[in-house]
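The values are calculated or read from the model by the stated rules, or taken from the named source; none is laboratory data. The shown structure was predicted, so the numbers you read here are calculated from the model rather than taken from an experiment. As a convention, Cβ positions derive from the backbone with ideal geometry for all residues, glycine included, and neighbour counts pool all protein chains shown. When the accessible area is computed, the model is the full protein with side chains, heavy atoms only, and any ligands, DNA or RNA have been set aside. Shrake-Rupley method; radii C 1.70, N 1.55, O 1.52, S 1.80 Å.
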Amino acid sequence: MDVPGDIQGRYVERRKKDLENCLLSLERGNFMELEKVGHQLKGNGVTFGFDELSAIGRQMEKAAHTKNLPDLERALELFSQWVSGHIN
């Protein structure tokens with residue numbers, strides 16, 4: 001599916017807010033919220049043309065589900081790098 005650039009741009013902006021929420025959730029130990037966001041990224045990243053974000057979401061969802069803090073921190077670092085690389 002070919003997603004127009006303006007729609008992709010709005011999608012990326014929303015992911016910036018997700019990242020901020022995830023970092024707060026990590027501080028609070030809210031693994032359920034982190035798992036939920038990971039699941040959403042896994043599912044909708046591909047839809048919007050961002051396969052690599054889906055892979056990050058998959059890692060994040062799994063790490064949050066198992067409460068694997070080192071893997072979760074790595075996934076969030078990848079998410080942060082992805083957002084930084086896509087924000088204008």
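Odds and ends about this structure:
- Residues (open to solvent by 10 Å² or more (accessible area, probe 1.4 Å) and in a helix (DSSP H, G or I)) located in the range 51-70: 51, 52, 55, 56, 58, 59, 61, 62, 65, 66, 69, 70
- Check on residue 27, under 13 Å from the mean Cα position of the chain (by Cα) and either in a helix (DSSP H, G or I) or small (Gly, Ala, Ser) (or both): no
- The listed residues are 74, 10, and the only one of them that is more than 12 Å from the chain's Cα centre (by Cα), in a helix (DSSP H, G or I) and surrounded by fewer than 16 Cβ atoms within 10 Å (Cβ to Cβ) turns out to be 10.
- Taken together, the residues in the range 34-50 that are open to solvent by 40 Å² or more (accessible area, probe 1.4 Å) and part of a helix (DSSP H, G or I) amount to 9.
- Against the numbered list (1) open to solvent by 80 Å² or more (accessible area, probe 1.4 Å); (2) touching a residue at least 40 places away in the same chain (Cβ under 8 Å); (3) within 30 Å of residue 4 (Cα to Cα), residue 20 comes up short only at (2).
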